[in-house]
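First the structure, in the form of structure tokens, and then the observations on it.
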Amino acid sequence: MVLCVVITVQSFFALYKFVENIAVAYNNDALALMYKGKNNEALEKFNSAIGTLSTNGLFFMNRGTLYYKMGKYPEALKDLTQAIRLDQSMPNAYANRAYLYKLDLRTSSLARLS
């Protein structure tokens with residue numbers, strides 16, 4: 001009985017690592033597309049990364065950065081805030097979110113999202 005539990009736990013961790021690798025691959029593909037200026041394709045890949053593993057703050061920070069580049073400021077703020085919730089040790093997420101506020105967009109819908 002104990003052996004079965006050990007195998008099950010090992011299988012769980014192997015499956016988690018597999019899923020994590022898929023999500024990282026989506027994220028990396030999205031970054032490459034974003035740097036090529038293929039923003040809509042990049043957004044699809046970021047969405048896939050987050051849909052695969054929604055507990056990774058880096059994915060939200062990257063998608064938030066893309067939303068910012070696309071001029072979708074409320075979406076950018078929402079993603080950057082979620083990135084910070086998931087991982088408080090991400091200085092770029094704080095800096096990017098502060099930059100949105102620096103643009104004085106608080107008078108728009110941004111203030112309601114934070």
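Residues that are over 14 Å from Ala93 (Cβ atoms), touching a Phe, Trp or Tyr at 6+ places or on another chain (Cβ under 8 Å) and of a type in the set (A, V, I, L, M) within the stretch 44-79 comprise Ala49, Ile50, Leu53, listed in sequence order.
Select from the stretch 40-73 the residues that are surrounded by fewer than 16 Cβ atoms within 10 Å (Cβ to Cβ) and either in contact with a Ser or Thr (Cβ under 9 Å, 6 or more places away or on another chain) or in a helix (DSSP H, G or I) (or both) and write down the one among them that is modelled with the lowest pLDDT. The selected residue is Lys69.
For the stretch 81-97, the set of residues classified as touching a Gly at 6+ places or on another chain (Cβ under 7 Å), of a type outside the set (A, V, I, L, M) and closer than 15 Å to Tyr67 by Cβ consists of Asn96 only.
The values are calculated or read from the model by the stated rules, or taken from the named source; none is laboratory data. None of these values were measured; they are calculated from a predicted model. Cβ: placed from backbone, ideal geometry, glycine included. Neighbour counts: every protein chain shown.
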